[in-house]
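Since the structure comes first, as structure tokens, the remarks are kept for the end.
The values are calculated or read from the model by the stated rules, or taken from the named source; none is laboratory data. Computed from a predicted model, the values in this text were never measured in an experiment. Every residue, glycine as well, gets a Cβ built from its backbone with ideal geometry; the counts of neighbours run over all protein chains shown. To get the accessible areas, we keep the full protein, side chains included, count just its heavy atoms, and leave off ligands, DNA and RNA. Shrake-Rupley method; radii C 1.70, N 1.55, O 1.52, S 1.80 Å.
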Amino acid sequence: MLRTRVITAVVILLLLLGMLFFAPPLVWAAFVLGVALLGCWEWSRMSGLRKTGQNAYLALSGVIGGVLWLLYARAFEDFTFAASMSFMIAAIFWVVLAPLWLANKARPAPLACAIAGWIVMWPTWFAFVVLRDVSPWLLLAVAAVIWVADISAYFAGKRFGKHKLAPAVSPGKTWEGVMGALAGVAVYGIVLAIVARSQPTPISTIFDSAQGAPVVVAMLVLAALSIVGDLLESWMKRGAGLKDSSALLPGHGGILDRIDALTSTLPVAALAIGLRSLA
């Protein structure tokens with residue numbers, strides 16, 4: 001099992017880095033479109049739709065994905081507007097609606113769950129495309145916020161964890177892990193700011209003299225949202241009686257098991273970066 005998990009992780013890492021840094025923009029957009037459609041398939045399984053409903057959902061998801069890809073390929077200004085709208089909708093969902101769902105614990109109707117899947121997946125696709133267009137390094141740096149938070153939470157929770165965060169949804173998560181995640185991300189942000197100010201880097205413009213501290217605070221917000229994304233996917237799986245979102249990735253579960261935290265953070269990060277560029 002461990003060997004399978006390691007092999008899968010290495011293959012995924014090499015594929016992602018190769019696509020991220022070397023694929024043409026349209027190829028990258030098509031690649032992450034495939035990821036989004038697989039995520040929609042997994043979400044349809046967790047939403048409670050009947051088989052016919054799942055098929056209709058997936059067919060409509062494919063149509064939406066094709067339209068969005070053509071919009072990116074042929075009408076960049078319209079694409080930018082659509083992306084901005086999707087980021088705002090995603091921000092409202094992750095900051096307001098998702099926490100309410102988790103707090104109430106009552107599972108919404110299957111149709112509401114299914115529609116939420118589009119709010120989860122399509123802004124994430126937009127964010128993958130928009131952030132990569134700005135800079136592959138920027139997308140990697142934002143994604144690293146989630147990885148740092150996840151690793152820090154794991155070790156802090158394992159060493160100090162006593163108080164459960166959401167035992168009914170994810171029994172392994174603790175408040176001590178949350179604190180560890182925030183501490184790890186704070187250190188990561190400070191290191192990035194120091195490096196960016198000492199020498200030119202692809203993301204140096206984000207950490208200008210007046211914005212270093214606000215950017216670190218924004219990274220802490222993203223770390224908190226990553227936990228919401230993780231919990232919501234776990235909540236959806238438990239409601240559907242599933243251990244993993246699928247078995248697409250040997251040793252790792254499904255696509256959503258790997259990108260759950262990215263779905264709640266990348267759109268919000270893209271929105272914040274877009275608003276900052278307008279300031």
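What number does the stretch 74-139 give for Rg over Rh if you use C-alpha atoms and the Kirkwood radius?
1.07
Heads up, I need the accessible area for Phe160: 1.4 angstrom probe, whole protein in place, Å², nearest 10.
Near enough 120 Å² of accessible area.
Under 5 Å between amide hydrogens, which residues at least 5 positions from Lys173 or on another chain qualify, with H placed 1.01 Å from N in the peptide plane?
Long-range HN contacts for Lys173: Leu165, Ala166.
Keeping the other protein chains in place, figure out the carbon and sulfur percent of the accessible area of the chain, with a 1.4 Å probe.
That fraction is 73 percent.
When the Kirkwood radius is taken over all Cα pairs of the chain, what Stokes-Einstein diffusion coefficient follows at 25 °C and 0.890 mPa s, in µm²/s?
Diffusion coefficient, whole number: 126 µm²/s.
Less than 17 Å apart at the alpha-carbon level, and either on another chain or at least 8 residues along: which aspartates and glutamates does that give for Lys162?
Glu176
Give the long-range amide H neighbours of Leu242: residues separated by 5 or more places, or on another chain, with amide H under 5 Å away, using H modelled in the peptide plane at 1.01 Å from N.
Here the answer is none, since no amide H 5 or more places off falls under 5 Å of that of Leu242.
Rounded to whole Hz and in sequence order, give me ³J(HN,Hα) for the stretch 233-245 from the Karplus expression 6.51 cos²θ - 1.76 cosθ + 1.60, θ = phi - 60°, writing x for Gly and Pro.
5, 4, 4, 5, 5, 4, x, 9, x, 10, 7, 10, 5
Check each of the trypsin sites (Lys or Arg not before Pro) in the stretch 213-279 and keep only those in coil by DSSP with at most 10 other C-beta atoms within 10 angstrom; list them in order.
Taking the stretch 213-279 and a limit of 10 other Cβ atoms within 10 Å, the loop trypsin sites (Lys or Arg not before Pro) found are Lys243.
Enter the accessible area of Tyr72 (Å², nearest 10), with the probe set to 1.4 Å and all protein chains included.
20 Å²
How large is ³J(HN,Hα), in whole Hz, for each residue of the stretch 181-190 in order, when computed from phi with the Karplus curve 6.51 cos²θ - 1.76 cosθ + 1.60 and θ = phi - 60°, using x for Gly and Pro?
Karplus values, whole Hz, x for Gly and Pro: 4, 5, 5, x, 5, 4, 5, 4, x, 5.
How big is the equivalent ellipsoid of the stretch 142-269 along its three axes, where each semi-axis is √(5λ) from the Cα gyration tensor, reported in whole Å from largest to smallest?
Here the semi-axes work out to 29, 17, 12 Å.
Could you give me the ³J(HN,Hα) list for the stretch 130-145, computed from phi with Karplus coefficients 6.51, -1.76, 1.60 and θ = phi - 60°, whole Hz, x at Gly and Pro?
5, 5, 5, 5, 5, 5, x, 5, 5, 4, 5, 5, 5, 4, 5, 4
Given a 1.4 angstrom probe, what's the average accessible area per residue across the chain, in square angstrom?
50 Å²
Give the span of the stretch 30-134's Cα atoms along each principal axis, as three whole-Å numbers ordered largest to smallest.
Here the spans come out as 41, 31, 18 Å, largest first.
Return the FRET efficiency for the residue pair Ile190, His163: r is the Cβ-Cβ distance, R0 is 35 Å, and the value is rounded to the nearest 0.05.
0.85
Could you name the aspartates and glutamates in cross-link range of Lys243, using Cα to Cα under 16 Å and dropping any fewer than eight places away on the same chain?
Cross-link targets: Glu42, Asp230, Glu233, Asp257, Asp260.
Report the full-extension gain for the segment Ile92 to Arg3: residue separation times 0.36 nm, less the Cα-Cα distance, to one decimal in nm.
Length difference between fully extended and current span is 28.0 nm.
Taking amide H positions as placed in the peptide plane 1.01 Å from N, state which residues far from Gly251 in sequence (5 or more) or on other chains have amide H under 5 Å from it.
Answer set, sorted by chain and number: none.
Based on the inverse mean of 1/r over its pairs of different Cα atoms, what is the Kirkwood hydrodynamic radius of the stretch 1-52, in Å?
It is 13.1 Å.
Let me make sure I get this right: for the stretch 74-190, a, b and c are the square roots of the gyration tensor eigenvalues over alpha carbons, sorted descending. Under 1.5 in a/c it's rounded, otherwise prolate if a/b > b/c, else oblate. Which is it?
Cα axes put the stretch 74-190 in the oblate bin.
State the dimensionless ratio Rg/Rh of the stretch 117-172 (Rg: radius of gyration of Cα atoms; Rh: Kirkwood radius).
1.14
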